[in-house]
Every structure is written in C-alpha cells, then in structure tokens.
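The values are calculated or read from the model by the stated rules, or taken from the named source; none is laboratory data. None of these values were measured; they are calculated from a predicted model. Don't worry about glycine lacking a Cβ; one is built from the backbone with ideal geometry, like all the others, and counts go over all protein chains shown.
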Amino acid sequence: MPDPKLSPIKKLSALKTAKMNNRLPLIMNINHFVYDRINRIKNKSYGKIKNPLAEQIKNNGYAFAESLIPPALIKSIKEKADKLYAENSLINKQHSAAGLTRIKNSLNHIPECEEIWHLPEIKNVFHSLYGGGFRVFDSDVYRTTAKENPEASFGSQNWHFDNITPNMVKMMVYLTDVYEDTGAMRIIPKQKSYDLRKRGFIKRSLADKFEPELTNSSIALEGKAGTVVFFQPQCCAHRAIEPRRDLRDVIVMMFYPYWGEQKHLNEQEKDIIASNRPYLINPFTGKALQGSYE
C-alpha cells in the first residue's frame with residue numbers, strides 16, 4: 001500500500017515526531033533532557049561502564065538475553081503468580097475479554113520482583129545506558145491468553161509507538177517460554193521505525209495504511225522463561241500478539257534516569273510503583289502522566 005499523502009504541515013509534524021520520538025509537549029521533553037544531563041554529570045563514573053546490551057538498545061532500540069536472572073528467582077515468582085491467579089481475588093480483569101489480565105499491586109504480593117533490578121547484571125545495563133543512576137517507575141505482572149470474546153481488543157494489540165519521552169526503557173521478564181504461537185510481542189527495529197514515522201506513521205489509528213510493511217518489517221521476541229527483553233517503546237513500533245495456544249506470563253517494568261540509586265522499597269512505595277499510570281511527566285517532581293496511551 002502506498003504511503004498516505006501528507007500535507008506540508010503533517011509532513012513537518014511527522015518529522016518532529018520522528019526526531020523527538022513522541023508527540024508530547026516540548027517543555028516535557030526539555031525537562032527530561034535537562035534531568036538526563038544533570039544525571040550524567042552527577043554520576044561521571046557510570047559513563048565509563050560499557051555494556052553490550054546497552055549498546056544494542058542504543059543502536060537497535062531493543063536487546064534481550066536469557067541468562068541474567070537466576071532460574072530459582074524466576075521459579076519463585078512464577079509459583080506466586082500462579083497461586084494469585086488461582087485465587088483470583090487480586091486480578092485486574094479490565095481487558096480479560098481480550099485476553100489480558102494483571103495482578104494488582106504485584107510488588108507487595110510478589111516482593112521477589114524487586115530483587116530483579118538489584119541484580120548487578122541488570123544494574124550494569126542501566127548504568128551504562130543512562131551514564132548514571134536509574135529509577136523504577138512502574139512494575140506489573142501480566143498474563144495474556146486467547147481472547148474470551150473474538151471481537152474484544154486492547155490498544156497494544158495494534159501497531160503503535162508509546163507516546164513517552166526518549167529516555168524511558170521497558171524491561172520485560174518472561175515467566176513462561178514465549179514463542180510466536182504463545183504470544184511473543186512483535187517489534188520493528190529503531191531505524192526502520194524512524195523511517196515509518198517520517199513517512200507519517202505516528203499513531204496506532206494509522207497502522208492499516210502502512211500494512212503489510214509493518215508486519216513484514218517486524219520480528220517476534222521469542223525466548224525461554226527467564227529471558228529479559230529491554231526495549232525503547234517510543235523508538236520501536238511494536239504490538240502485542242494474542243496467544244494461539246497456552247499463555248504468556250511476563251513482568252513488565254519501566255525505567256528512567258535517576259540522580260541517585262534505586263533504593264529498596266517499603267510497602268507504600270511498592271504500592272505507588274505498582275499503580276503508576278502510565279508514564280513519568282516530570283522527572284524533577286516524580287509526577288505521573290495520566291490519560292490516553294495515544
């Protein structure tokens with residue numbers, strides 16, 4: 001399908017979106033840019049850390065590895081998640097008809113999740129990537145299954161970019177083996193995604209106009225239980241996939257630069273992180289951006 005015809009104003013808007021990796025107000029991007037630079041100045045030693053996964057994130061917009069987290073930790077988290085799903089009282093079912101559920105306040109009910117970002121193998125990736133400290137802004141445990149209602153859907157099942165500032169990185173930890181037919185997310189590498197943005201694909205409602213190029217340019221992020229996926233959802237077009245068999249359990253965490261070190265959390269702090277929606281609007285105050293993912 002040929003690219004949609006863009007007016008000069010829309011072409012300029014598409015180029016701005018491609019350059020900034022979002023459609024957010026300029027002041028919000030400036031706030032994050034300034035905070036990032038101060039973070040690097042305050043933590044000069046981190047700038048000397050070189051990590052191959054961080055380099056892959058910078059170059060491709062994503063990276064994944066299978067051996068960063070001890071198998072015993074993955075097993076413990078998975079067992080607790082299964083128990084909570086079996087009990088069924090702490091499950092958010094807002095999108096259950098479309099096959100998506102999550103555990104409410106998962107950090108307090110599965111405190112082992114916090115151990116993940118304190119692992120040296122994980123910390124080194126973010127210290128290298130940010131050239132400074134990092135903070136965990138959001139953490140959830142999700143389950144995706146086949147749809148209960150074939151007509152139901154949720155926004156992430158469409159091709160899209162997350163409309164967030166350039167410095168946020170999502171980290172996904174697979175609690176089950178994930179393959180194409182069990183719901184492996186599909187992602188388009190950063191450079192191809194940038195090209196699509198320049199040509200007008202700036203929000204999910206335009207996805208049909210860029211098919212089948214979107215699907216043909218994508219890869220499935222498959223991996224065994226314990227696989228860690230880092231990606232920049234504002235830089236790489238991506239979409240969730242409905243499992244055709246079994247289910248997919250995954251931990252999803254959002255990371256931002258931070259002037260200090262991420263401390264161990266008390267129960268109240270875990271509640272805040274587990275309920276942050278959806279993104280960090282101001283890194284100086286910690287204010288969360290509320291509203292549409294569009």
* To do: Determine which member of the set Met185, Met172, Met168 is under 14 Å from the mean Cα position of the chain (by Cα), surrounded by 15 or more Cβ atoms within 10 Å (Cβ to Cβ) and at pLDDT below 95.
  => Met168
* **Failed item, numbered, when Thr176 is tested on (1) in a loop (DSSP other than H, G, I, E, B); (2) closer than 30 Å to Asn31 by Cα; (3) of a type in the set (Val, Ile, Thr)** => (2)
* Would you check if there is a residue in the stretch 118-134 being under 27 Å from Leu53 (Cβ atoms), of a type in the set (Val, Ile, Thr) and either touching a His at 6+ places or on another chain (Cβ under 8 Å) or surrounded by 15 or more Cβ atoms within 10 Å (Cβ to Cβ) (or both)? => yes
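Take the residues of the stretch 223-268 that are part of a strand (DSSP E or B) and of a type in the set (D, E, K, R): which is surrounded by the fewest Cβ atoms within 10 Å (Cβ to Cβ)?
Arg239
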* Candidates Thr176, Thr144, Thr165 - the one that is β-branched (Val, Ile, Thr) and within 29 Å of Arg37 (Cα to Cα) -> Thr165
* Asked: Exactly one of (1) touching a residue at least 40 places away in the same chain (Cβ under 8 Å); (2) among the polar types (S, T, N, Q); (3) buried (at least 18 other Cβ atoms within 10 Å of the Cβ) is unmet by Asn282. Its number?
  -> (3)
* Could you identify the single residue in Ser89, Ser67 that is farther than 24 Å from Val229 by Cα and of a type outside the set (A, V, I, L, M, F, W, C)? => Ser89
* Structure fact -> The condition of being over 28 Å from Phe284 (Cα atoms), touching a strand residue (DSSP E or B) at 6+ places or on another chain (Cβ under 7 Å) and not in a loop (DSSP other than H, G, I, E, B) holds, among Tyr142, Tyr35, only for Tyr142
